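**Student:** Have a look at the structure that comes next, please.
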Amino acid sequence: MAGSRERERRRARERFERQRQEQLVRRRKIRQRFVVGLIVFCVLALAGGLTAAFVGKSTPAAAKKPAATASPSASASASASATTSAAAAAEPATHCTYTTSGVAAAAKKVSVPPATPNDKATYTAVINTNLGPIDMSLLNSKATCTVNSFVHLASAGYFNGSQCHRVVNSDGLYLLQCGDPTATASTKLTCSTASGAPGTGGPGYEFASENLPTAASSSAAVTYQGGTVAMANTGAADSNGSQFFLVFKNSTLGPDYTPFATITSGLDILQKVANAGTSCSYSAGGGAPKEKIVINSVTIKQT
């Protein structure tokens, strides 16, 4: 039995690792396109300047692109760089950095959270779904910048009308993944991992991981307890965005996902979705829930 459980955990880790690598490749392509576009823009701007100087004609200034604060994006899952993660160890944080440079457009227009979090606040949240409420206690003193982002997105209605696009209920992983508004309430989930598909969207900014669990070694897995809510990630450093997962039973994962909340009620809803099975399968494991679960709204209460 012990050998069988270990094989299941190893397969689960391998599937997650494949997903992270696939998403990392997509992310690199996005960054490469961004850099190439920037170079082309600079070359054209230089050529225009030289033409004006030599020909002596006055030309109108090019219209500026709108700032990326409301329309860059991150990926379906999120992670953090080793350097920033180390810097973020002191909690509660009093300053947060949300990066927009080189990040793909937001799945749904939203601004960047404030850089100064309310590190003294105590927050609770209710994810109001079509299947009932899921109550959570947010870990503001341990993952301040993550909570700051979640509260900001929830208050802006960013999650409203979005489906939870992925459920995993085997091989040591028991979780429901949500937080990508690309998966609208009417979207038919197909388990595609192509760019723009449900599960690839984010808020247009990224930030560092916090409150990471401690593993015995760099390659060791850890247990995320049932009731944990943690950020998903692309596998790239500091790529936390809007997507998160809710653990409904103890799960074995790498220590790479920021826990930022604890479920206080509603685990039965997650179990119901998991028990209904999936309508298609992701290459990394799990699939789209047969039992559709839609986030109608997220209510934040501060005390």
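**Student:** Give me the percent of accessible area attributable to carbon and sulfur for the range 161-303, probe 1.4 angstrom.
**Tutor:** So the carbon and sulfur contribution to the accessible surface is 48 percent.
**Student:** Using the Cα gyration tensor of the range 102-254, with a ≥ b ≥ c the square roots of its eigenvalues, what is the shape: rounded (a/c below 1.5), prolate (a/b larger than b/c) or oblate (neither)?
**Tutor:** Working: a/c = 1.28, a/b = 1.06, b/c = 1.21.
Cα axes put the range 102-254 in the rounded bin.
**Student:** What residues have an amide H closer than 5 Å to that of Ala104, excluding those fewer than 5 places away on the same chain, when H is modeled at 1.01 Å from N in the peptide plane?
**Tutor:** Hits under the 5 Å cutoff: Ser73.
**Student:** Amide H to amide H, which residues 5 or more places from Asn296 or on other chains are under 5 Å from it, using H placed in the peptide plane?
**Tutor:** The list, which skips near neighbours in sequence, is Asn128, Thr129, Asn130, Gly161.
**Student:** Quick check on my link table: of Lys109/Lys301; Lys109/Lys272; Lys249/Lys292; Lys142/Lys188, which ones sit more than 25 Å apart, alpha carbon to alpha carbon? The partial results should precede the final answer.
**Tutor:** Numbers: Lys109/Lys301 23 Å; Lys109/Lys272 32 Å; Lys249/Lys292 20 Å; Lys142/Lys188 37 Å.
Among Lys109/Lys301; Lys109/Lys272; Lys249/Lys292; Lys142/Lys188, the Cα-Cα distance tops 25 Å for Lys109/Lys272; Lys142/Lys188.
**Student:** Let me ask another. Which of the peptides 102-109, 281-288, 159-166, 185-192 is most tightly packed, and how do the rest follow, going by the mean number of other Cβ atoms within 10 Å of each residue? Could the numbers behind the result be given before it?
**Tutor:** Values: 102-109: 21.5, 281-288: 18.9, 159-166: 24.0, 185-192: 14.6.
Packing order, densest peptide first, comes out as 159-166, 102-109, 281-288, 185-192.
**Student:** Also, I was wondering about something else. Starting from the Cα of Ser297, step 7 Å along the direction of its Cβ; do the same at Ser279; then give the gap between the two resulting points in nm.
**Tutor:** 2.6
**Student:** Can you classify the range 168-303 as rounded, prolate or oblate using the Cα gyration tensor, where a ≥ b ≥ c are the square roots of its eigenvalues, rounded means a/c under 1.5, and otherwise it's prolate if a/b beats b/c and oblate if not? It would help to have the intermediate numbers written out before the result.
**Tutor:** Working: a/c = 1.26, a/b = 1.22, b/c = 1.03.
Rounded shape, in that the Cα axes give a/c under 1.5.
**Student:** Right, here's the next one. Let a ≥ b ≥ c be the square roots of the eigenvalues of the Cα gyration tensor of the range 178-247; is it rounded (a/c under 1.5), or, if not, prolate (a/b larger than b/c) or oblate? Before the final figure, lay out the partial values.
**Tutor:** Numbers: a/c = 2.17, a/b = 1.77, b/c = 1.23.
The shape class here is prolate.
The values are calculated or read from the model by the stated rules, or taken from the named source; none is laboratory data. None of the values given here were measured: they were computed from a predicted structure. Neighbour counts run over all protein chains shown; Cβ positions are idealised from the backbone, glycine included. With ligands, DNA and RNA removed, areas are computed over all heavy atoms of the protein, side chains included. Shrake-Rupley method; radii C 1.70, N 1.55, O 1.52, S 1.80 Å.
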